[in-house]
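Colleague: After the structure tokens below, expect a handful of questions from me.
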Amino acid sequence: MDITGKTIWQQAAGDTDRNYSDLCLKWDVILNGPGYAGPWPDCEKPLRSDGWSSRKTADLRRFAEEMKDGDLVVLRIGTATVLGVGQLVGTYEWRDEFGDIDGWDLQHVRRVRWLWVDRNSPKTFDTYALKQGDTTQKLNEGPVTDWLSNLPVNDDALSRSLVELPMQEQPNDIGVTEISEFLFDHGVASSSITALLNEIGELTRIAKWYQRAGKPSEHETVAYLVVPLLRALGWTPQRMAVEWNHVDVALFEQLPRSDETLRVVVEAKKMDNSCLSAMPQAMSYSDGKAACHRLIVTDGLRYGVYTRIKAEPFRLYAYLNLTRLRHDYPIYECNGAEEALLAMAPEWKPSEI
């Protein structure tokens, strides 16, 4: 690769807990946040008023203004691993489709034509070959630039069209009225809907208190956030087991509780931790249990519902964030709050996919 005269950037794609590099590589983007305050530069003053540091706003300025069309970018995790190398295309965008990436609001977007990608065998350097700290930084000369200068690039990669980003329905946020109507139309009793929506309100208040007073442990997350929602959805204590054979919460179709009657594995993480990254662990608990057709991963506020039909692989069917209810998630190519709540209920069956 000819890097002569090129400005080269290193761009973080999360951290060891919350890695969103797959989305960057899939959709030809790099991301930055927080994005809740709107596009740059209008977001700068609100962010500073909310307590964000000048260092963070400088990071966003680099991302939005200093990165230029044609610059090279290295996608990193940590200070030693490169997952992709690409070329910036076009100018800065703010896209609300990226407003909830496993709990992070990353609406600040740049398009990238990826020239080299290796998810299975990423390039690894000595620790600190890449800078730690800010999401967007210029890359200094060193072992990474030496590697780039010798990196072969396919001509097709240089000329390929960018992946078209999915269009988000407008408006995508939904309220309790829409959820009530959806659940009622799918046969849920009015009394159950009222109880569920009241519970969601209470859980949101509890979660906001935790954010002010200190985050709960994983056990508290299960006890005060996860179990109450499952109870409101209709799961009874007899069909719920906490810490069952290493599973945080196991949900059964009928008694007795056994591998044969296990239908749902729930894997919980501490609040505000990545929940979607818990999917492999949840899936490992379903191994050898053919009747288990749902996995739920959660931090108490956000829920990822994975489903499968018979022996097919699990896939992300729906995603729910209790603090921001959305109809769907085009970036994840999955359903949103309505389908998630329905799919978490005892009566739901995979044939309804």
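Colleague: For the pair Met167 and Leu255, what calculated FRET efficiency results from E = 1/(1 + (r/R0)^6), where r is the Cβ-Cβ distance and R0 = 51 Å, to the nearest 0.05?
Modeller: Computed FRET efficiency for Leu255 and Met167: 0.65.
Colleague: Quick check on packing: order 333-346, 249-262 by the mean number of other C-beta atoms within 10 Å, highest mean leading.
Modeller: 333-346, 249-262
Colleague: Could you tell me which of rounded, prolate or oblate describes the stretch 260-353, using a ≥ b ≥ c as the square roots of the eigenvalues of the alpha-carbon gyration tensor, with rounded for a/c under 1.5 and, failing that, prolate when a/b is larger than b/c and oblate otherwise?
Modeller: oblate
Colleague: Further, regarding this structure: Within the stretch 54-160, which GluC sites (Glu not before Pro) sit in a loop by DSSP and count at most 11 neighbouring Cβ atoms inside 10 Å?
Modeller: Glu141
Colleague: Using the basic label-point model (7 angstrom from Cα toward the beta carbon), what is the Ser149 to Lys215 distance in nanometres?
Modeller: Taking the simple label geometry, Ser149 and Lys215 are separated by 4.2 nm.
Colleague: Next up: Express in whole angstrom the spacing between the alpha-carbon centres of the stretch 294-353 and the stretch 58-133.
Modeller: 28 Å
Colleague: Going highest first, how would you order 306-318, 287-299, 184-196 by mean Cβ packing within 10 Å?
Modeller: Highest-to-lowest ranking by the protection proxy: 287-299, 306-318, 184-196.
Colleague: Kindly provide the helix-only [θ] at 222 nm of the chain, computed as the sum of -39,500 (n - 2.57) over DSSP H runs of four or more divided by all residues, to the nearest 500 deg cm²/dmol?
Modeller: -7000 deg cm²/dmol
Colleague: Could you work out how much longer the chain between Asn140 and Glu93 gets when fully extended? Use 0.36 nm per residue separation minus the Cα distance between them, nm to one decimal.
Modeller: That pair, Asn140 and Glu93, stretches by 14.3 nm at full extension.
Colleague: Among the listed pairs Lys138/Lys208; Lys215/Lys289; Lys56/Lys208; Lys45/Lys68, which have their C-alpha atoms separated by more than 31 angstrom in this model?
Modeller: Long pairs (Cα-Cα over 31 Å): Lys138/Lys208; Lys215/Lys289.
Colleague: Here's a follow-up. Ordered by residue, what ³J(HN,Hα) values in Hz, to whole numbers, does the stretch 290-306 give under the Karplus form 6.51 cos²θ - 1.76 cosθ + 1.60, where θ = phi - 60° and Gly and Pro are x?
Modeller: Per residue, the Karplus-derived 3J(HN,Hα) values read 4, 7, 7, 10, 9, 10, 10, 10, 7, 10, x, 10, 10, 10, x, 10, 9 Hz.
Colleague: Calculate, for Lys208 and Val242, the FRET efficiency according to 1/(1 + (r/R0)^6) with r their C-beta to C-beta distance and R0 25 Å; round to the nearest 0.05.
Modeller: That gives a FRET efficiency of 0.55.
Colleague: Identify the residues of the stretch 280-302 with backbone N under 15 Å of a label point that sits 7 angstrom from the Cα of Glu312 along the Cα-to-Cβ direction, or state none.
Modeller: 293-295
Colleague: Another question, if that's okay. Between Ser159 and Asp42, what is the FRET efficiency for a Förster distance of 45 Å, r being their Cβ-Cβ separation, to the nearest 0.05?
Modeller: Efficiency for this residue pair is about 0.80.
No value in this document is a laboratory result; all are computed from the given coordinates. Worth saying up front: this structure is predicted, and the values here are computed from it rather than measured. Counting neighbours? That spans all protein chains shown, and the Cβs are built from the backbone with ideal geometry, glycine included.
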